[in-house]
Structures are given as C-alpha cells and as structure tokens.
Amino acid sequence: TGAAEPFRCGTQGVGWFKGVYPSAAGATIEGTVCYSWPGKSCQWSNTIWVTNCKEYYVFALLAPPACRLRYCTA
C-alpha cells in the first residue's frame, strides 16, 4: 500500500496498491495499482478490484499496462 522501489520483485516496474482496502466483510472496491519506475512512483497505473473476505483479501488483477511491469506482494 505504499510506493515500491523499482527493481524489487524481479522487475523494473513494480506494481503496488494505491488506496484503502475495503473494511466491511464482503465489500468490494475498485482501486488503483501504480507502477514505480526509476524517478517516478506512479509512472503507469491500472484499475483492480479488492474484496474483503473477512480474514483475507482477494484481488482481481488485470494485465499490467506495459511489458516489464509486474505486480509485487511483500
């Protein structure tokens, strides 16, 4: 949920969630993933959906908007 440094997770363009997770169980929100690039924390972005499943979250991810971009979990 914070800007990730480029080159983490084996990729130059690191995707990170820019937003707030849904607080209510069963709720789904539309959110944004930003992709860090050297010198910019949000060079590219795309929409995702996040669902609160009470004990964990489920993410509906789309393909990143450019090659060399990847989602990263930490």
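The values are calculated or read from the model by the stated rules, or taken from the named source; none is laboratory data. Bear in mind the structure is a predicted one, so any value in this text is a computation, not a measurement. Please note: Cβ atoms are built from the backbone with ideal geometry, for glycine as well, and neighbour counts cover all protein chains shown. The protein model used for the area step is the full one, side chains on, heavy atoms only, and it has no ligands, DNA or RNA in it. Shrake-Rupley method; radii C 1.70, N 1.55, O 1.52, S 1.80 Å.
Residues considered: THR51, THR1. Of these, the only one that is without any contact (Cβ under 8 Å) to a residue 24 or more places away in the chain and either open to solvent by 60 Å² or more (accessible area, probe 1.4 Å) or not in a loop (DSSP other than H, G, I, E, B) (or both) is THR1. If you go through the range 19-48 and keep only what is buried (at least 16 other Cβ atoms within 10 Å of the Cβ) and within 20 Å of LEU69 (Cα to Cα), you end up with GLY31, VAL33, CYS34, TYR35, SER36, TRP37, SER41, GLN43, TRP44, ASN46, ILE48. PHE7 - would you say it is within 11 Å of the chain's Cα centre (by Cα), aromatic (Phe, Trp, Tyr) and under 16 Å from TYR71 (Cβ atoms)? Spelling it out, it is not the case that PHE7 is within 11 Å of the chain's Cα centre (by Cα), aromatic (Phe, Trp, Tyr) and under 16 Å from TYR71 (Cβ atoms).
Candidates ALA27, ALA3: the one that is at pLDDT below 90 and among the aliphatic types (A, V, I, L, M) is ALA3.
Cβ contacts < 8 Å: first residue farther than 24 Å from TYR21 by Cβ and in contact (Cβ under 8 Å) with a residue 24 or more places away in the chain, restricted to the range 32-44; second residue of a type in the set (A, V, I, L, M, F, W, C) and open to solvent by 60 Å² or more (accessible area, probe 1.4 Å), any location; separation 6+ or different chain. Result? Qualifying pairs under 8 Å: TRP37/TRP44. Considering only the range 18-40, how many residues are under 12 Å from the mean Cα position of the chain (by Cα), within 17 Å of CYS72 (Cα to Cα) and in a strand (DSSP E or B)? The qualifying residues number 7.
Applying the selection to the range 4-17, what residues are without any contact (Cβ under 8 Å) to a residue 60 or more places away in the chain and either open to solvent by less than 20 Å² (accessible area, probe 1.4 Å) or part of a loop (DSSP other than H, G, I, E, B) (or both)? Matches in the range 4-17: GLU5, PRO6, PHE7, GLN12, GLY13, VAL14, GLY15, PHE17.
Would you confirm whether or not the range 54-66 contains a residue that is of a type outside the set (Ser, Thr, Tyr), surrounded by 15 or more Cβ atoms within 10 Å (Cβ to Cβ) and outside any strand (DSSP E or B)? Yes, there is a match, as at least one residue in the range 54-66 is of a type outside the set (Ser, Thr, Tyr), surrounded by 15 or more Cβ atoms within 10 Å (Cβ to Cβ) and outside any strand (DSSP E or B). Looking only at the range 6-24, residues that are within 11 Å of SER41 (Cα to Cα), of a type outside the set (A, V, I, L, M) and either in contact with a Cys (Cβ under 6 Å, 6 or more places away or on another chain) or at pLDDT 85 or above (or both) come to 4 in all.
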